[in-house]
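Following: one structure in structure tokens, then a few remarks.
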Amino acid sequence: MFASLLGAVSAFPTAIYTVLLGVVLVYWLMAMLGMVDFESSGIDVAIDAHADASVDDLGTIASYVVAFGLHGVPFSIVVSLLVLVGWTLSFLAGVTLLAWVPTDILRWAAGAVVLVVTAALSVVITARIVRPLRGLFVHHTAQSNASLVGQTCKVLTGVVDERQGRAEVAQRGASINIRVWSPSPNTLKRGDAALITEYDPGSHRYLVVPLPPA
């Protein structure tokens, strides 16, 4: 039984998704360890917020993201869902359909068809999954940025440095998830309290410093 499952996972076209799924798992392991910011690779369809990027390239990518209904959540989550859904569909097709194909040549041809179909279906299914998740990733605009300066926040990432960092600010019973940074070296880590001292409208990030021990 195990050998047959292993064969299905490593057979074409599921093997392609298996490799991609391995990359995704490594990425999220690094995110849990605080080595990467899971929103740092996000594609924001508001092109003017990324003036340092190529407008043509970003506009093309953003147009596809919006057209397929994959916007509104961090792009890392979209890619992870696409890979996971594609792998699941390809695996099921491999054990139920491709296993009955008699010859290797026909199996490769059928596998190519399965690869195209599963890729298309994964976009449709991922768009359905993403839709209810958008409310969890609402970006708070500059209207409340100035009011956060001087308040305390709770660090959410494993490290906070010049390149990455996220924190949570309690606001009227709710919380706001913000991007933060702090000069290295510093003692900030997940769960620490920090003071917001400055907001940079260019990078949409807040400068934070560790709070002295009580």
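Read the figures in this text as sums done on the coordinates, not as results from a lab. The structure presented is a predicted model; accordingly, all values stated were derived computationally and were not measured. Please note: Cβ atoms are built from the backbone with ideal geometry, for glycine as well, and neighbour counts cover all protein chains shown.
Results, tabulated for the structure shown:
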{"read-out": "Label point distance in nm, Leu211-Val149, each placed 7 Å from Cα along Cα→Cβ", "value": "2.1 nm"}
{"read-out": "Neighbour-limited loop hits for trypsin sites (Lys or Arg not before Pro), region 91-166 (at most 15 other Cβ within 10 Å; DSSP other than H, G, I, E, B)", "value": "Arg163"}
{"read-out": "Anisotropy class of region 142-210 from Cα gyration tensor, a/c 1.5 cut", "value": "oblate"}
{"read-out": "Placed amide H near Val180: partners under 5 Å, 5+ positions off or other chain", "value": "Gly165, Arg166, Ala167, Tyr206"}
{"read-out": "Hz values of 3J(HN,Hα) by residue in region 147-152 - Karplus curve (6.51, -1.76, 1.60), Gly and Pro given as x", "value": "5, 7, 5, x, 8, 9"}
{"read-out": "Spin-label pair Phe137/Glu168, simplified geometry with 7 Å Cα→Cβ offset, distance in nm", "value": "1.8 nm"}
{"read-out": "GluC sites (Glu not before Pro) lying in DSSP loop within region 148-204, provided at most 10 other Cβ fall within 10 Å", "value": "Glu162"}
{"read-out": "Pairwise FRET efficiency - Leu29 versus Val101, Cβ, R0 = 22 Å, nearest 0.05", "value": "0.05"}
